[in-house]
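Everything below concerns the one structure shown next.
Every read-out reported here was derived from the displayed coordinates using simple, explicitly stated rules and does not represent laboratory data. Note that the coordinates shown come from a computational prediction; the quantities given were computed from them, not determined experimentally. Using ideal geometry, Cβ is built from the backbone for each residue, glycine included, and neighbour counts are taken over all protein chains shown.
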Amino acid sequence: MEIKINDSPLDYSLDNENTLGEVLANLEGWLVNSGHRIVNLFIDDTEVDASMLEEAFSKKLDTIKSIKIKTNIIADLTAESLQSLLEDIDDFENLKFDEKKNFYDKWKESAQAQYISVEITDLYAYCVNTFLNGDLHTVTLRSIVEEIIREVSNPVDELKKIESILNEICERLVDLPLDIQTGKDSRAAQTIQLFSAITEKIFRIVRQLDTQNYLSKADEIKPITQLITEFGNILKDLLEAYEKNDSVLVGDLTEYEASPKIKELYNAILARVNI
């Protein structure tokens, strides 16, 4: 059996796989780790569409002569989907008020909407708030999309640009318990929002750096996944303390845990970037 990926023969030896589905499961994992996504599949020169997948996956390998796979780079698929979303925003803005209420039902079936719903779930939620609920202005949604496009197009530059913002937020975290104690609720809430936003951005950039193979595997640096797990636990504790209005615990967590940990994570990512 011959296997080709983007017209190049693949040196692939079978282990215990008996069906096409088992082979594709192994290949897809390898491709995703390489920053690729399967977009077209051909079995014996016949393209397999969505309605044929279940039957095709159960095919025995001894009945197949050739498998041809077409892939796209995940970053390219993301960029294309985001550019299409910008066009969707334009279309939505140009609709009359009565026409806008029907926009979401059609939009959610589009390729870009389905891709975003799986790959960028937080952005999809923003789209729902704009196109369906009307709670988020299109100007804000457009700004969010353009920011993510920059993260996809040049994640290294986008990572470096946030250093000064991150430092400022860390300073505000140290001031957070005092803000709570002195009744500066608006500033305290804004600090939490900024902290959450910068955290989400760092996580998005890490994903792009990883899928686009920017990150080295330096053994002497603590694994980024471990740092993210540690930071996630701190973040959970901090938000619980803030919701309970426990200013003492908030102060300890922000000054001694959250602020230094997010800087440690940021510096570890920079140290691993292959430029």
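Using alpha-carbon positions, what is the distance between the centroids of the range 28-45 and the range 85-131, in Å?
27
Please arrange Val152, Val48, Val118, Val23 by how many other C-beta atoms lie within 10 Å of their C-beta, fewest to most.
The order, fewest Cβ neighbours first, is Val118, Val48, Val23, Val152.
With a cap of 12 neighbouring Cβ atoms within 10 Å, and only residues DSSP puts in a loop, list the trypsin sites (Lys or Arg not before Pro) found in the range 84-145.
Lys96, Lys101
Apply the Karplus curve 6.51 cos²θ - 1.76 cosθ + 1.60, θ = phi - 60°, to the phi angles in the range 89-102 and return the couplings in whole Hz, x for Gly and Pro.
Result, rounded to whole Hz: 5, 4, 4, 4, 5, 7, 7, 6, 3, 5, 7, 5, 5, 9.
If Lys and Arg each add +1 and Asp and Glu each add -1, what is the summed charge of the other residues whose beta carbon sits under 11 Å from the beta carbon of Arg187?
Residues near Arg187 contribute -1 overall.
What lysines does Lys65 reach when the alpha-carbon gap must be under 25 Å and sequence neighbours fewer than 8 apart in one chain are set aside?
Filter leaves Lys4.
Helix 185-211: angle to the longest alpha-carbon principal axis of the chain, degrees 0 to 90, nearest 10?
Result, in degrees: 30.
What FRET efficiency would be calculated for the residue pair Ser34, Glu168, taking the C-beta separation as r and a Förster radius of 35 Å, to the nearest 0.05?
Given R0 = 35 Å and the Cβ-Cβ separation, E is 0.45.
Counting only residues 5 or more places away or on other chains, whose amide H sits under 5 Å from the amide H of Leu215 once H atoms are built in the peptide plane?
Amide H to amide H, under 5 Å and 5 or more residues apart or across chains, Leu215 pairs with Asn274.
If I model a spin label as a point 7 Å beyond the Cα along the Cα-Cβ vector, how far apart are those points for Lys184 and Ala50 in nm?
That separation, rounded to one decimal, is 5.2 nm.
Find, among the trypsin sites (Lys or Arg not before Pro) in the range 168-275, those assigned to loop by DSSP (not H, G, I, E, B) with at most 13 other beta-carbon atoms within 10 angstrom.
Those satisfying the criteria are Lys217, Lys244.
I'd like the distance between the alpha-carbon centres of the range 173-234 and the range 255-275, rounded to an integer number of Å.
Spelled out, the Cα-based centre of one part sits 9 Å from the other.
What Kirkwood hydrodynamic radius do you get for the chain when you take the inverse of the mean 1/r over all pairs of distinct Cα atoms, in Å?
21.9
How far is helix 259-272 tilted off the main Cα axis of the chain, in degrees rounded to 10, range 0 to 90?
40
Per DSSP H run of n ≥ 4, the term is -39500 (n - 2.57); total these for the chain, divide by its residue number, and report the mean residue ellipticity at 222 nm rounded to 500 deg cm²/dmol.
-20500 deg cm²/dmol
How do His36, His137 rank when sorted from fewest to most other Cβ atoms within 10 Å of their own Cβ?
His137, His36
Give me the net charge for the shell around Asp7: Cβ to Cβ below 10 angstrom, other residues only, Lys and Arg +1, Asp and Glu -1.
Once all neighbours under 10 Å are counted, the net charge is +3.
So what's the net charge close to Ser259: Lys and Arg +1, Asp and Glu -1, counting the other residues with Cβ under 13 Å from its Cβ?
Local net charge: -4.
Can you spot the lysines whose alpha carbon is less than 18 Å from Lys236's alpha carbon? Ignore those fewer than 8 places along the same chain.
Within the straight-line limit of under 18 Å, Lys236 reaches these lysines: Lys201, Lys244, Lys261, Lys263.
Along the Cα-to-C-beta direction of Asn213, a point sits 7 Å from the Cα; which residues of the range 6-31 have their amide N less than 20 Å from that point?
Zone members listed by number: 6-13, 26-31.
Among Ser8, Ser81, which comes first, then next, by fewest other beta-carbon atoms within 10 Å?
Ser8, Ser81
Check Ile5: other-chain or 5+ apart residues with amide H under 5 Å from its amide H, H built from backbone geometry?
Leu10, Ile69
So if each residue of separation counts as 0.36 nm, and I subtract the Cα-Cα distance between Leu86 and Asn18, what length gain in nm does that give?
20.1 nm
Please build a GNM for the chain, connecting alpha carbons under 10 Å apart, and tell me which residue among Val174, Val156, Val139 fluctuates the most.
Val139
In whole Hz and in residue order, list the ³J(HN,Hα) couplings for the range 64-81 that follow from phi through the Karplus curve 6.51 cos²θ - 1.76 cosθ + 1.60, θ = phi - 60°; x for Gly and Pro.
Whole-Hz 3J(HN,Hα) from phi for the range 64-81: 10, 9, 8, 10, 10, 10, 10, 10, 10, 5, 4, 4, 5, 4, 5, 4, 5, 5.
Return the sequence-ordered ³J(HN,Hα) values of the range 5-16 in whole Hz as given by the Karplus equation 6.51 cos²θ - 1.76 cosθ + 1.60 applied to θ = phi - 60°, using x for Gly and Pro.
With coefficients 6.51, -1.76 and 1.60, one gets 10, 6, 6, 9, x, 10, 7, 10, 10, 6, 9, 10 Hz.
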